[in-house]
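Encoded as structure tokens, the structure appears first; notes follow it.
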Amino acid sequence: MVKICCIGAGYVGGPTMAVIALKCPDVEVVVVDISAPRIEGWNSERLPIYEPGLDDVVRQCRGRNLFFSTDVERHVADAGIVFVSVNTPTKTRGLGAGKAADLTYWESAARIIADVSRSDKIVVEKSTVPVKTAEAIEKILAHNSKGGNIRYQILSNPEFLAEGTAIQDLFSPDRVLIGGRETPEGRAAVAALKSIYARWVPDDRIITTNLWSAELSKLAANAFLAQRISSVNAISALCEATGADVAEVANSIGKDSRIGPRFLSASVGFGGSCFQKDILNLVYICECYGLPEVANYWRQVIRINDYQKSRFVNRVVSSMFNTVAGKKVAVLGFAFKKDTGDTRETPAIDVCKGLVGDKAVVSIYDPQVTEEQVQRDLVMNKFDWDHPRHLQPMSPSSAKHVAVSWDAYEAARGAHAVCILTEWDEFRRLDYQRMYDAMHKPAFLFDGRNVVDPDKLRRIGFVVYSIGKPLDHWLRDMPAVA
């Protein structure tokens with residue numbers, strides 16, 4: 001039996017290994033992690049992450065050929081293929097702080113592999129890593145191996161999953177990318193990994209490249225996607241200034257086959273664990289290779305994203321007579337997108353901090369995010385979310401101006417304004433008349449995801465702001481937003 005071990009039981013490692021186990025019943029797959037609570041979650045009926053369809057896949061395989069364990073060394077030693085899917089957070093101090101990827105956890109995983117291996121292994125980069133990381137890993141393995149003449153082949157197999165559709169993406173991927181050394185041994189390792197994916201992925205969707213192309217492709221893909229979001233968000237600001245409708249503009253340009261319609265929905269900004277982190281990493285790599293103009297180009301994608309979030313907060317404050325001090329503001333949605341409980345780099349964090357900074361009383365409702373997670377996110381330092389939980393700061397004072405409600409109506413009860421920050425489907429179906437009746441007047445609704453019909457809400461009585469849409473007459477009379 002082929003044995004696969006994955007180091008890291010997070011958003012990538014867990015779902016990916018579960019699907020491999022489902023599609024390859026003759027392959028033993030073990031996911032290992034040093035976090036006992038996380039492994040306990042994977043072995044329970046309530047998985048540690050929310051992803052549509054994941055529960056069913058895990059239930060079919062767990063205990064058969066899919067296992068979750070904290071015994072890292074034993075299972076790494078037994079495996080012929082070792083995936084490494086650990087966090088690569090942005091460095092918070094030292095050389096490259098605020099941009100470069102911190103490879104501490106990757107290096108630690110490589111040293112464990114070297115310490116316990118007694119046979120040849122294929123080591124697969126599943127984490128998003130800087131270009132040339134494989135070269136550094138090769139050196140660590142070569143100089144620290146305890147098992148004699150053990151040979152390692154390093155492959156790059158980046159994930160291209162979208163949270164909320166990860167299982168569907170794994171079942172029917174646009175592509176599977178595998179990069180390896182252009183040597184006989186490297187090509188053999190690529191073929192071995194390709195044979196796993198070929199059980200369910202068509203051959204024309206499995207792309208093989210050299211190592212460096214695969215490593216860079218992941219960073220470039222996320223940069224291109226984030227660029228599209230920042231582009232349409234930049235246009236949304238111009239639409240509000242001119243009376244154009246960003247949805248109509250996006251639909252028009254999306255009909256161009258050279259552009260296409262995806263990732264052209266204006267919003268309060270992008271979030272998630274990858275986009276900002278990977279662009280910052282790309283910026284740092286460009287700077288290191290003496291390409292400042294390229295670095296500045298990609299840095300601007302993040303600047304527009306930050307601008308969009310601050311612009312939204314400024315719009316809320318300026319519309320409500322230039323102050324939200326002491327006013328209750330209901331925030332609907334805290335996850336960075338629908339169909340996930342992931343709050344990493346969610347725009348809601350910056351929006352809530354901006355409102356609290358102006359002394360608002362914020363009431364948050366999200367169907368998949370716990371109160372503990374909300375409070376933790378609001379006191380966490382930038383980039384700390386990608387480190388182990390015991391290294392993340394937590395302060396009781398975080399609860400002072402923020403509450404978490406059990407449903408949307410409770411969050412909005414007695415509020416002066418509602419802000420929609422995640423495009424959950426249930427927010428499209430809410431009884432907004434009921435919500436309006438329970439709010440202070442004038443009642444404001446700021447739609448950061450364009451999920452509601454502004455004209456319908458205006459007929460109810462709301463003062464409505466929708467990203468990139470023609471402004472309500474009330475808002476047109478307010479001072480311009482910087």
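The values are calculated or read from the model by the stated rules, or taken from the named source; none is laboratory data. None of the values given here were measured: they were computed from a predicted structure. Cβ sites come from the backbone with ideal geometry, for glycine too, and all protein chains shown count toward neighbours. The protein model used for the area step is the full one, side chains on, heavy atoms only, and it has no ligands, DNA or RNA in it. Shrake-Rupley method; radii C 1.70, N 1.55, O 1.52, S 1.80 Å.
Which of the three applies to the range 270-310, rounded, prolate or oblate, going by the alpha-carbon gyration tensor with a ≥ b ≥ c and a/c under 1.5 meaning rounded?
oblate
Please compute the contact order of the chain in relative form: average sequence separation of alpha-carbon pairs under 8 Å and at least six residues apart, divided by the residue count, as a percent.
Normalised by residue count, the contact order of the chain is 12 percent.
How large is the translational diffusion coefficient of the range 2-201 in µm² per second when you combine the Kirkwood radius over alpha carbon pairs with Stokes-Einstein at 4 °C and 1.567 mPa s?
This corresponds to a translational diffusion coefficient of 76 µm²/s.
Using 0.36 nm times the number of residues separating residue 252 and residue 359, minus their current alpha carbon distance, what extension gain do you get?
Extra length from residue 252 to residue 359 when fully extended: 34.5 nm.
Tell me, what HN-Hα J-couplings in whole Hz come from the Karplus equation 6.51 cos²θ - 1.76 cosθ + 1.60 at θ = phi - 60° for each residue of the range 158-171, using x for Gly and Pro?
Whole-Hz 3J(HN,Hα) from phi for the range 158-171: x, 8, 10, 7, 10, 4, x, 10, 4, 5, 4, 5, 6, 5.
Would you tally the net charge around residue 299, using a Cβ to Cβ cut-off of less than 15 Å, leaving residue 299 out, and scoring K and R as +1, D and E as -1?
-1
If a/c stays under 1.5 just call it rounded; otherwise compare a/b with b/c (prolate if a/b is bigger, oblate if not). Do that for the range 199-333, with a ≥ b ≥ c from the square roots of the Cα gyration tensor eigenvalues. Walk me through the intermediate numbers first.
Details: a/c = 2.11, a/b = 1.66, b/c = 1.27.
In terms of gyration-tensor shape, prolate.
For the range 2-201, calculate the relative contact order in percent as a whole number, restricting contacts to Cα pairs under 8 Å that are 6 or more residues apart.
Relative contact order for the range 2-201 comes out at 21 percent.
Using amide H atoms built in the peptide plane, which far-off residues or other-chain residues are under 5 Å from residue 124 H to H?
Those lying under 5 Å, H to H, from residue 124 are 82, 83, 84, 155.
Past 24 Å, Cα to Cα, is the threshold; run 126/194; 132/194; 218/353; 146/277; 338/469 against it and keep the listed order.
Going by Cα-Cα distance, 218/353; 146/277 fall outside the 24 Å limit.
Averaging the inverse of every distinct alpha carbon separation and then flipping it gives the Kirkwood radius. What is it for the range 223-477, in angstrom units?
Value: 18.8 Å, from the Cα pair sum.
Which cross-chain or sequence-distant (5 or more) residues have an amide H under 5 Å from the amide H of residue 2, H modelled 1.01 Å from N in plane?
Hits under the 5 Å cutoff: 28.
If you line up the long axis of helix 104-116 against the longest principal axis of the chain, both from Cα atoms, how many degrees apart are they, to the nearest 10?
Taking Cα atoms only, the helix is inclined about 20 degrees.
Please work out how much accessible surface residue 11 shows to a 1.4 Å probe, ignoring ligands, DNA and RNA, in Å² rounded to 10.
60 Å²
Can you tell me the mean projection area, over all orientations, of the convex hull of the chain's alpha carbons? Units nm², please.
With every direction weighted equally, the projected area is 23.4 nm².
Mind checking the per residue accessible area of the chain for me, 1.4 Å probe, whole number of Å²?
Heavy-atom SASA per residue in the chain reads 43 Å².
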